[in-house]
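Values in this text are rule-based calculations from the coordinates and carry no lab data. What you see is a predicted model, and the numbers here were worked out from it, not measured in a lab. All Cβ positions, glycine included, derive from the backbone under ideal geometry; neighbour counts span all protein chains shown.
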Amino acid sequence: MTGTNWGLYITIAGVFFVALLMLLMEKRAGLGARQVALIAILAAFCAAGRTVTGVALLFLQPTMFLVGITGFVFGARAGFFVGAMTPLISNLFIGMGPWTPWQMICWGLVGMSGAAVRFLFPRAGYKTMIIICFGWGFLYGAVMDLWHWCVFTRPLTFNGYFLIWAAGVSFDSLRAAGNLLFCAALGRQSIKILNYFHKKMDVRYLENL
Amino acid sequence: MLEKLYYQDKGLFLQSFHPATVLLYLLVLLVLSLLYDHPLYLLCLLFLLACLVKGTEGMAVWEGFLKIGLIMMLVLMVVNPLVIRSGATIIWQGPVVPLLGRLDISLEAIYFGLVSGLRLLVILSIFCLYNLMVNPDQALNLFARAAGKSALMVALATRMFPTMVRDLKRIKEVMELRGVDFEQGPLGQRVKKYAGLYNVLLFSSLEGSLEIAESMQARAYGSGRRTVYSRHLLRPRDYMTLGGSLLAMFAAVWGLAQGCGGFNFYPVMDDLIAGRGTLVVLVIVFCYLFVPLMLGGGYKYCRYIKSKI
C-alpha cells in the first residue's frame, strides 16, 4: 500500500479528466458567439464573487448557488463550463495550485447537477435549488478532502480520511450555510434574470429573408 | 489587488522561455516530488525551487505560499501519527478512542508526517513558481489549437474579471449617491440593499455579454474555419531545458528502479543515505534539473552564451 503513489495518479487523472471533459463538451455543444460571451461573463461573475467575498467572508460565497442555477436555466454544458472556469479564473488571481483540477471538476459537477434537477423535476423552482446547494456545500468539501487524503496520507485508511474530513467539517458547514443563505436571498431573482436572458439569447434566423 | 494578474512580467531570463518548456519542466518537478519519498531528495527539490524563485524575484510571493504550507504541514503532522499504526517505535501509548482505536504515537509516523509536509511545501513552491514564470495568456495560447472556444472563453472571462470588480464598486457608489446606505439598518434591510446591488450587477454584466457577442459576430466570429498562429519560437534555451528535464526524468525513473530515492518508513525507517548510489543518482538528477538556472547564469555573465541562447 505504501508503495503505490495514489497522490500522483489522482492529480494527473484530474488534469486529464477535466481537459477531456472540456474538449468533449466544446465539440458537442456547438457554441455560438452569444453562448461563448454569456458563459465567459457568468464565469467572470462567479469568479469575482468567489474572490471578493471569499477573502472577506471566509467561506460564505455567493457563487456556488449561481453555478447551480446556471446549469438549471441554461443546461448541463453551460453549467459545466461556468462551473469549471470559476476556480480556474479566480485562481489566476489568488494563486494556482495542484488542487485546481479537482476544484474544476467539483464546480463543473455543481453546474451539471443543476441541469439534472431541471431534467428530473421540470417544475422545480429555487427552493429545490436551495436544498441542492446546501448539499453541495458538504459534498464539495468531502470530494476535496478525498484529494487531500490521497495526496498527503499513507497508508490510505478510512480513519485517516475521517480525521481529515473532521478537520474540515466546520469550513464545510460554513460553506453549506453560505450557499443556503445566499440561495434563499438571491435565488429567485437570479433564476428570473437568467431566464430572461435565456429567452433573449435564443435567436433563430429565418432562411431566405 | 484584483486589478492585475498574479503573474507580473519583469523581463527576466527565467520568464523568457516558451510556455510549453516551462510547463514540461514544472510537470517533471511535480512528478518527481510525488514519486520521491526520500527526505534528502525532497530537500534538494525545495532548494532548487528556492533558487528558481529567487531567480524570478518572487521571494515575497513565496513567503505567502510557505505560510499556508506550514499551517497545512502542522495539520498533517498532527493527523498522521494519530491514524497510522504501522510504526514499530512507539514513543507514546495513548488511550482507546471510539472509531479510531488505540492512540499509539510512533516515531515513524511522525517522520512520515514531517516528510509529507515537506512534500507539500515542494508542491506549493512548484505552483508558486508556475504563477511567477508562466504568462497565463501564453499558456492559454498553447491550448488554442486543440480547444479554441474553451481558450477563448477563459481569456474573455479573465479579461472581464477586473472589469466586474470595478463595476461592482461603481454601482455601489452610484447607489450610495442616490441615498442607499449599505451600513445602516437591521440585517434584513441590509441584505435587501446588497441583493439590489447584486441584481444590478448581474443584469448589467449579462447585457454586456450580449454586446460582446454582437461585436464578436461583427468581427466574423464563427463564420468559417478558425486559423491559428503562434508567435513564440522554441529557442536553444528551450531545447536545452526540455532535454534536461527529460533526461532528469529518465535518470530519476532508472534510479527509482534501482532503489535510489525510495524510502521505507514502516515498520522501521531506512538509513538516510543507504549507499553511494543514492548520492550519485541525486547529483545526476539535479544536474539536469539545474539547466535553466545554469543558462540564466550564463546569460547574465557571459556575452557569448547570451548571443547563442
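What the table shows:
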item: Cα→Cβ-extended label distance, 7 Å offset, between B:PHE143 and B:VAL78, nm; result: 3.6
item: Under-5 Å amide H pairs with B:ILE91, H placed in peptide plane, nonlocal only; result: B:ILE105, B:SER106, B:LEU107
item: Kirkwood hydrodynamic radius of chain B, from inverse mean 1/r over distinct Cα pairs, in Å; result: 23.9
item: Spherically averaged projected area of the protein assembly as shown from its Cα convex hull (nm²); result: 29.6
item: Assigned charges on the beta-carbon of Lys, Arg, Asp, Glu; the protein assembly as shown dipole about Cα centre (debye); result: 1420
item: Positive-end extreme of charge dipole, chain B - chosen from B:VAL174, B:CYS302, B:ILE105 (charges on Cβ); result: B:CYS302
item: Gain on full stretching of the segment that runs from B:TYR229 to B:TRP254 - 0.36 nm per residue minus C-alpha separation; result: 5.2 nm
item: Candidates per GluC sites (Glu not before Pro) in the stretch B:162-197, loop by DSSP, up to 16 other Cβ within 10 Å; result: B:GLU183
item: Given charges at beta-carbon only (K, R positive; D, E negative), |dipole| of the stretch A:6-200 in Debye; result: 760
item: DSSP loop trypsin sites (Lys or Arg not before Pro) with at most 13 other Cβ within 10 Å excluded, longest remaining stretch of chain A; result: A:1-122
item: Extension gain, B:THR163 back to B:GLU63 (0.36 nm per residue minus Cα-Cα distance, nm); result: 33.1 nm
item: Euclidean distance between Cα centres, the stretch A:130-164 to the stretch B:9-84, Å; result: 24
item: Taking only Cα atoms of the stretch B:80-201, radius of gyration then Dmax in Å; result: 26.4, 71
item: Those trypsin sites (Lys or Arg not before Pro) in the stretch B:172-202 that DSSP places in a loop and that have at most 10 other beta carbons within 10 Å; result: B:ARG178
item: Chain B - charge dipole about Cα centre, Lys and Arg +1 at Cβ, Asp and Glu -1, debye rounded to 20; result: 980
item: Max mean-square fluctuation residue, GNM over chain B, Cα-Cα springs under 10 Å, options B:MET59, B:MET153, B:MET175; result: B:MET175
item: Listed residue (B:VAL281, B:GLY69, A:ALA47) projecting farthest to the positive dipole end of the protein assembly as shown, Cβ model; result: A:ALA47
item: Amide H within-cut-off set for B:HIS18, under 5 Å, with H built and near neighbours excluded; result: B:ARG235
item: Net length gained if the chain between A:PHE16 and A:ALA167 were fully extended (0.36 nm per residue, minus Cα distance); result: 51.5 nm
item: Column: log10 I(q)/I(0), Debye, Cα scatterers of the stretch A:6-200, q = 0.16, 0.18 Å⁻¹; result: -1.02, -1.26
item: Dipole axis of the stretch B:157-218 (+1 Lys, Arg; -1 Asp, Glu on Cβ), positive-most option in B:ASN199, B:SER209, B:GLN189; result: B:GLN189
item: Per-residue mean of C-beta atoms belonging to partner chains within 10 Å, peptide B:202-211; result: 6
item: Helix-derived mean residue ellipticity, 222 nm - over chain B, DSSP H n ≥ 4, -39500 (n - 2.57), to 500; result: -23000 deg cm²/dmol
item: Modelled FRET efficiency - R0 35 Å, A:ARG188 with B:LEU177, Cβ distances, 0.05 increments; result: 0.80
item: Euclidean distance between Cα centres, the stretch B:217-290 to the stretch B:143-170, Å; result: 31
item: ³J(HN,Hα), Karplus 6.51/-1.76/1.60, whole Hz, each residue of the stretch B:55-66, x for Gly, Pro; result: x, 9, 6, x, 4, 5, 5, 4, 4, x, 4, 5
item: Shielding by partners, peptide B:67-77 (average Cβ within 10 angstrom, other chains); result: 1
